[in-house]
Every structure is written in structure tokens, then in C-alpha cells.
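Novice: Below is one structure. I have some questions about it.
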Amino acid sequence: MKQEKPFVIRSYRPEDRATLRRLCCQTGFLGEPIDPVYRDHELFADFLTTYYTDKEPESCFVLEVEGELRGYLLGSRKPLRNQLYSFAQNIWLFFRALARYPRYNQRSRRFIRWMIVNGWREVPAAPRRVPHFHINLLPEARKISTTRALMSAYLSYLYRCGEKRVYGQIVTFESRRGEKMFERYGFKVLNRAEITKYKAFYPASVYLSTVIKNLETAEPLSAYTRAPVRKIDNLFTKAL
């Protein structure tokens with residue numbers, strides 16, 4: 001059996017920003033590069049990462065494998081601030097995309113049209129005053145151990161801050177058992193909605209699911225308690 005490469009979970013640093021934005025675009029299309037769907041990496045990364053890296057970096061964590069960033073978890077425990085920022089940012093990004101629209105290819109134009117017409121309709125409801133997170137890993141880093149370590153770091157951070165609940169919105173499809181994975185951490189599926197922006201590129205149904213977890217109980221923050229997890233948690237604690 002091939003031995004797993006050593007990895008570390010640590011807090012986000014400002015110098016991670018460019019690499020994190022690039023990784024966002026490398027995983028933007030069902031875990032693969034976003035290019036077949038939308039080619040404007042700058043606006044895509046702005047939309048998905050800017051608030052977290054620039055306004056609430058203390059709630060973000062990264063995965064390093066052999067010293068290189070291979071994944072991240074972007075979180076927010078200030079939902080009202082996040083919502084106000086997103087409202088203003090969406091207006092600004094809309095006009096930037098409109099100015100660039102004539103230069104876009106057909107697929108990028110289709111993506112922008114979907115965002116305007118259907119994007120807001122296909123996002124399932126989520127709690128409005130609850131911390132949340134987004135998680136992305138490069139294909140070679142998508143393992144139970146790395147996902148577990150990232151989630152444990154963030155959930156422990158929220159628990160120490162006194163938060164009561166947390167939710168996430170995850171993309172699930174035929175070959176990706178995302179909902180089952182999060183159930184191991186005590187998350188429950190609140191609702192889900194089919195998203196159509198990938199219809200032209202992926203034949204099966206794709207869903208966006210809202211999952212939520214109660215942090216008030218004394219239950220373990222991770223479903224796994226083996227020694228390697230404790231070792232990773234120690235590394236994480238030292239990095240804070």
C-alpha cells in the first residue's frame with residue numbers, strides 16, 4: 001500500500017492569497033478546472049474567495065502537502081458582515097462582468113447568463129445568522145484524512161469561539177458522495193436543489209446541498225479519534 005504523504009493544517013496567511021485563488025479556479029468545475037465553463041479566473045476567484053481572505057482571514061485554514069498548498073477551508077463566523085459585503089460585491093462584479101462580456105467566448109457568456117437568470121433561484125435556503133464554510137481540495141489531496149483534518153480545525157475554532165451552529169453548502173453528484181461524508185461529522189442535510197449550470201458539460205444531475213451541524217452538544221467534533229488525527233490537531237494548534 002502506498003504511504004500517504006505528510007501534510008499540515010494551518011491558519012491562512014496573507015502570502016497564501018495568490019495560490020489560494022489559483023486553487024479556487026483549479027477546482028471550480030465539479031472539483032476540476034473551471035476553464036471549460038468560465039474563463040475569467042480573476043472574477044471567478046473574486047466572487048468565491050475575496051471576502052474570506054481579505055475581510056475574515058482568521059476563519060480560514062489551508063492544507064499543505066510537502067510544503068505546498070493543496071486545499072483550503074474558507075469560513076465565516078460573521079454572517080451579517082459577510083452578507084452585506086456580498087451584496088455590494090455582487091453589484092460591483094456584475095458591472096465588471098458586463099464590461100468584459102463582449103470579449104468572452106460562448107461558454108463564458110452562457111455562464112454569466114445563468115448567474116443572472118437562474119443562479120439565485122437554484123441556491124437552496126440556508127440559515128442567515130449562522131457561521132458557514134466552503135472547502136476545496138485538489139484531486140490528489142482529496143482523502144478522508146485531509147478532509148477530516150481541515151474540518152476538525154475549523155469546527156474546533158468555532159467551538160472555542162462559542163458558536164452554536166455551522167452550515168456549509170456542498171456540491172454533490174453521481175461520483176461524489178459529499179452528503180455521506182459530512183454526515184460522519186454530525187451534519188444533517190437541511191435541503192438541496194438541482195443546479196443547471198453544468199448541464200452542457202456533465203450529463204448527470206448535480207445538486208447543491210445545505211448541511212448543518214449543532215455545536216452545542218459535547219459530542220466529538222470529528223467522527224474519527226485515531227492517533228494520526230490527534231497528531232494533526234497538535235500541529236494545527238502550534239500553528240495558531
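The values are calculated or read from the model by the stated rules, or taken from the named source; none is laboratory data. What you are looking at is a predicted structure, and each value in this text was computed from that prediction instead of being measured. Counting neighbours? That spans all protein chains shown, and the Cβs are built from the backbone with ideal geometry, glycine included. Keep in mind that these areas ignore ligands, DNA and RNA; they rest on the heavy atoms of the full protein, side chains included. Shrake-Rupley method; radii C 1.70, N 1.55, O 1.52, S 1.80 Å.
Novice: Would you calculate the separation in nanometres between label points at F201 and E68, each defined as 7 Å from the Cα along the Cα-to-beta-carbon direction?
Specialist: 2.3 nm
Novice: With the crude spin-label approximation of a point 7 Å out along Cα→Cβ, what separation in nm comes out for K5 versus Q106?
Specialist: With each label point 7 Å from Cα toward Cβ, the separation is 3.8 nm.
Novice: For the range 128-187, what's the relative contact order in percent, using C-alpha pairs closer than 8 Å and at least 6 residues apart?
Specialist: Details: 22 pairs, mean separation 28.6, N = 60.
After rounding, I find 48 percent.
Novice: Mind listing the long-range amide H neighbours of F29? Cut-off is under 5 Å, sequence gap 5 or more, other chains count too, H placed in the peptide plane at 1.01 Å from N.
Specialist: Hits under the 5 Å cutoff: I34.
Novice: Once you have the Cα-Cα distance between T50 and F173, take 0.36 nm times their residue separation minus that, and quote the gain in nm to one decimal.
Specialist: Extra length available between T50 and F173 comes to 41.6 nm.
Novice: For the cross-link pairs K143/K213; K5/K143; K143/K164; K78/K164; K5/K78, which exceed 23 Å when the distance is taken from alpha carbon to alpha carbon?
Specialist: K143/K164; K5/K78
Novice: Still on this model: Mind checking the full-extension length gain between N90 and N214? Use 0.36 nm per residue of separation minus the Cα-Cα distance, one decimal, nm.
Specialist: 41.6 nm
Novice: In percent, how large is the relative contact order of the chain, given Cα pairs closer than 8 Å and 6 or more residues apart?
Specialist: That works out to 22 percent.
Novice: Counting only heavy atoms of the protein chains, get the accessible area per residue of the range 1-75 (1.4 Å probe) and round it to a whole Å² value.
Specialist: On a per-residue basis, 46 Å².
Novice: Let me ask something additional. With only alpha-carbon atoms counted, please give the Rg and Dmax of the range 86-219, in Å.
Specialist: Reported Rg and Dmax, both Å: 17.2, 55.
Novice: Just from its helices, what would the mean residue ellipticity at 222 nm be for the chain, if runs of 4 or more DSSP H residues each count -39500 (n - 2.57) and the sum is divided by every residue, rounded to the nearest 500 deg cm²/dmol?
Specialist: After summing the helix terms and dividing by the residues of the chain, the value is -12000 deg cm²/dmol.
Novice: While we're looking at this one, here's another question. Over the chain, with every protein chain in place, what whole percent of the accessible area is carbon and sulfur at 1.4 Å, could you tell me?
Specialist: About 55 percent, which is the carbon plus sulfur part of the accessible surface.
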